[in-house]
Amino acid sequence: MIADDIPLVDLRAQHATIAVEVEDAVHQAMERCDFILGRDVEAFETEFAAYCEAGYAVGVDSGLSALELGLRALGVGPGDEVITPANSFIASSSAISFAGATPVWVDCDPETYCIDVDAARRAVTRRTRAIMAVHLYGHPADMDAVIALAADHGLKVVEDACQAHGARFNGRRAGSLGDFAAFSFYPAKNLGAYGDAGMLTTNDPELAASLRMMRNYGQRHKYEHVTMAWNRRLDTIQAAVLRVKLRHLDAWNGARRRHAMLYSRLLQGCGLTLPRTRPGVEHVFHQYVVQAPAREKLVAELAERGVATGMHYPVPIHLQEAYRDRGICSGSFPVTEKAALRLVSLPMYPELRPDQVERVAEEIRSLVAG
Ligand SMILES: Cc1ncc(COP(=O)(O)O)c(C=O)c1O
């Protein structure tokens, strides 16, 4: 990377702004040596639950673990179907498969790229146990419609909030809207650890209590194991880092929203499809995603000019090799499949400077005009 190249995400720029705070927090945890389920894990769970306006938070080792353990704790397993969008990161679906259930994919809304709830309604069968909405790119799914659908059929509601730390839907925080929500703290997320980490949030005290056991060998008290379970604990050092970063999250999300507004203003009318935010939604722009008709050319030319881009996601889940045995052919989910060929994620991170946003927009305008 040369000096004025613009990356998709810049973790070093963020670390530089909080290095002293993080080093102090990690140092204190090291001094205490409470590495497993230590003080910072408990404190971070309390702080993150409060931040999400949820009753309880349970720290785990990744977003995938959060989704899988949450589904298992709800009793979802073999013979059950869980409706989920084909347009997401594969972990949304692999969590369902790991729980022993079957992901039933549906198409996405062409404006928000989140689950198409009418399609979800058509996909309900007598085996359906839950609907998993994904707040993709930081834009919450239409949770009123999801909750209404679930109520009509007695289904559980799961929020995959792995990309939506701090987002709101009709005033309510992502993470407080379903039976449980899963968060990922993968380093590049809006709230990212310095390694892998994840969290479940829920308003159900019994679910939270089972999750605490499930992440820790099914242990109720020391050496008293009531279920066969896993080691999926959140690491104390990661919790120490995340406590520091949580204090900055609202400011960082605000910066992301400002960058998004500037991108949208500068790219208006240039021939790309720009992201839309539904009324009542507070988007946190984990990604700023546009659709470009000649995507590969645009991405290659931007790379030549020092602007990095991403694709979220170039292959929809139902067409992944890992799910080949399901035999779902292309053409099944046209909105998702068309988007997969055209989506481009532009550089987006809080420390991005307005002049860098301007440069990205200028490069794009000159390339799509030419
Ligand atoms: C939508 C979505 N779901 C699930 C996950 C899985 O999270 P993790 O990578 O922490 O397992 C991610 C992130 O990677 C994600 O973006």
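Laid out as a table, the results:
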item	result
Base-10 log of normalised Debye intensity for the range 213-298 (one unit scatterer per alpha-carbon) at q = 0.11, 0.13, 0.21, 0.24 Å⁻¹	-0.60, -0.70, -1.00, -1.14
Solution diffusion estimate, µm²/s, Stokes-Einstein, the range 183-336, Kirkwood Rh from C-alpha pairs, 10 °C, viscosity 1.306 mPa s	80 µm²/s
Whole-Hz ³J(HN,Hα) from phi, Karplus 6.51 cos²θ - 1.76 cosθ + 1.60, for the range 124-130, glycine and proline x	5, 10, 6, 8, 5, 10, 8
In sequence order, calculated HN-Hα J values of the range 244-258 (Karplus, 6.51, -1.76, 1.60; Hz; x Gly/Pro)	4, 6, 4, 5, 9, 4, 4, 5, 5, 5, x, 5, 4, 5, 5
Sorted largest first, extent of the range 41-83 alpha carbons per principal axis (Å)	38, 20, 15
Convex hull of Cα atoms in the range 70-146, direction-averaged projection (nm²)	4.8 nm²
Neighbour-count ranking [beta-carbon atoms within 10 angstrom, fewest first] of ILE90, ILE237	ILE90, ILE237
Bridge type composition, the chain - antiparallel percent by DSSP, nearest 5	60 percent
Kirkwood Rh, Cα atoms: Rg over Rh of the range 115-165	0.97
Dimensions (Å) - the range 274-318, Cα atoms, principal axes, largest first	39, 29, 18
All Cα pairs of the range 264-370, percent lying beyond 19 Å	51 percent
Amide H contacts under 5 Å for VAL307, placed H, 5+ residues apart	ILE6
Exposure proxy ranking, count of Cβ atoms within 10 Å, fewest first, for ARG265, ARG168	ARG265, ARG168
Relative contact order of the chain, defined on C-alpha pairs under 8 angstrom at six or more residues apart (%)	22 percent
Alpha-carbon Rg/Rh ratio, for the range 1-54, with Rh computed the Kirkwood way	1.15
For LEU242, LEU200, LEU302, order by how many other beta-carbon atoms lie within 10 Å, fewest first	LEU302, LEU242, LEU200
Kirkwood hydrodynamic radius of the range 162-251, from inverse mean 1/r over distinct Cα pairs, in Å	14.4 Å
Stokes-Einstein D in µm²/s, Kirkwood radius over Cα pairs - the range 116-203 at 37 °C with 0.692 mPa s viscosity	246 µm²/s
Normalised alpha carbon radius of gyration of the chain [divisor 2.2 N^0.38 Å]	0.99
Lysines whose Cα lies under 25 Å from that of LYS297, excluding same-chain neighbours fewer than 8 positions away	LYS338
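Read-outs: derived from the displayed coordinates by stated rules, not from any lab. Only a predicted model underlies this, so the values are computations on that prediction, with no experimental measurement involved. Every residue, glycine as well, gets a Cβ built from its backbone with ideal geometry; the counts of neighbours run over all protein chains shown.
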